[in-house]
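These notes concern the structure reproduced below.
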Amino acid sequence: MKITDEPRLTTERELLDVLNRHNSYVISTHKNGDGDGIGSAIALYWGLKQINKQTHFFHVDAIPRRYNFLIENTSSKLVDNEFSETIADVLIVTDTNQGSLCDPLYSYFKAQKKPVIFIDHHLPSSIQSNNEIYYIRTEASSTGEVVYDVLKSLNVEITTLIATALYTGITFDTQAFKLLRNSSRSHEIAALLSQCNIQTDKIQRELFATWTVEKMNFLAKLIQSTKYSKQNTVAGFLVTQDQLKKHALELDHINDLLDMFTLVKSIDFCYSIIEISPAKYKLSFRSISSDKAFELAELFGGGGHAKSAGSWVHDLTVEQIENKILNYL
């Protein structure tokens, strides 16, 4: 059956009713987790524990090293493909509204007919909503902002651990408060969080001081191999598995490199293609003056922000991927 129904978005009151009704939760985020996804998940982890809920944080792939400071005090667990145990009443997924980006957890909870809650700020995708709850606020600059409001409505005390996680999410997804969607809300929440004995300078350092000599050396080569097209308005590059290993790079590192190309004045769109395994790739898109990043991500079965989005693809060659991108543009 072709799934085309738009999800019905849940109100905050409906979400709070669900969170109060159930007693045990698994909290997770999308694969290739980032500061907002992991930060908002960890804030929920500590917040729900505070109101006496049984709570676990599971991640579906390795957590990038820059976020280790967020999970060091949690009972976090990496879920492999053999996962098959009953662990909680409800799955909560932060920073995405696509269940496939949280497999095998998502498929397991669906098969068990257990509720799945998506807490997010990305544009909703065309997805089936049976037994799924979508709390999505697209006006928010980060999922961290959304979770802050949810926790306050649950009468959770914003502790140092929670504030650190939320500040991380907001800082990361706004790129240190540069991407605010013309709202003062990010600054307002950050000011309140900074009063909770958090180390804002350390958080900034952990998030953005991720460069190594190997990464710098790779950048030098990447600059030479990047392809420019359409009168230098489009830039794109490929990163192979061999390059990732040779330069000790994580997938997370490539986002920084892609963002650099948005600083080129003539560039209106840029993309990266990262080889995960033979015929399997991680695609990332950035658009400057249009929503084409999200449009292209949807074209490849992914999603994200209007101007920053991505997807995972398989059974296509690099040439086929690039042709599809350029033809759409």
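The values are calculated or read from the model by the stated rules, or taken from the named source; none is laboratory data. Keep in mind the model is a prediction, meaning the values are calculated, not measured. Neighbour counts run over all protein chains shown; Cβ positions are idealised from the backbone, glycine included.
Okay, residues lined up against (1) surrounded by 12 or more Cβ atoms within 10 Å (Cβ to Cβ); (2) hydrophobic (A, V, I, L, M, F, W, C):
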position	(1), (2)
L180	yes, yes
I189	yes, yes
L193	yes, yes
I198	yes, yes
D201	no, no
V234	yes, yes
Q243	yes, no
A248	yes, yes
K265	no, no
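Being out of contact with any strand residue (DSSP E or B) (no Cβ under 9 Å at 6 or more places or on another chain), at pLDDT below 95 and hydrophobic (A, V, I, L, M, F, W, C): is that true of L257 here? Considered against the rule, which asks whether it is out of contact with any strand residue (DSSP E or B) (no Cβ under 9 Å at 6 or more places or on another chain), at pLDDT below 95 and hydrophobic (A, V, I, L, M, F, W, C), L257 comes out as no.
Only a single criterion out of (1) surrounded by 16 or more Cβ atoms within 10 Å (Cβ to Cβ); (2) modelled with pLDDT under 90 is not satisfied by T86, namely (1). Within the range 310-324, take every residue that is within 15 Å of T240 (Cα to Cα) and either among the hydroxyl-bearing types (S, T, Y) or in contact with a helix residue (DSSP H, G or I) (Cβ under 7 Å, 6 or more places away or on another chain) (or both) and give me the one that is surrounded by the fewest Cβ atoms within 10 Å (Cβ to Cβ). Among residues in the range 310-324 that are within 15 Å of T240 (Cα to Cα) and either among the hydroxyl-bearing types (S, T, Y) or in contact with a helix residue (DSSP H, G or I) (Cβ under 7 Å, 6 or more places away or on another chain) (or both), the one surrounded by the fewest Cβ atoms within 10 Å (Cβ to Cβ) is T317.
Every residue in the range 187-214 that is in contact with a helix residue (DSSP H, G or I) (Cβ under 9 Å, 6 or more places away or on another chain) and farther than 25 Å from Y167 by Cβ, please. If you could, list the steps in order and put the result at the bottom.
From the range 187-214, those in contact with a helix residue (DSSP H, G or I) (Cβ under 9 Å, 6 or more places away or on another chain) are 189-190, 192-200, 202-204, 206-212, 214; that's our starting set.
Once the filter is applied, which keeps residues that are in contact with a helix residue (DSSP H, G or I) (Cβ under 9 Å, 6 or more places away or on another chain) and farther than 25 Å from Y167 by Cβ, the range 187-214 yields only E214.
Scanning the range 209-234 for residues that are over 27 Å from the mean Cα position of the chain (by Cα) and touching a residue at least 40 places away in the same chain (Cβ under 8 Å) returns S229, K230.
Within the range 267-307, the set of residues being among the small types (G, A, S), closer than 18 Å to Q175 by Cβ and either modelled with pLDDT of 95 or more or buried (at least 16 other Cβ atoms within 10 Å of the Cβ) (or both) comprises S272, S284, S287, A293, G304, A306. Scanning the range 113-170 for residues being without any contact (Cβ under 8 Å) to a residue 60 or more places away in the chain, among the hydroxyl-bearing types (S, T, Y) and touching an Asp or Glu at 6+ places or on another chain (Cβ under 8 Å) gives a total of 1.
Of the listed requirements (1) at pLDDT below 90; (2) in contact with a helix residue (DSSP H, G or I) (Cβ under 8 Å, 6 or more places away or on another chain), K77 misses just one: (2).
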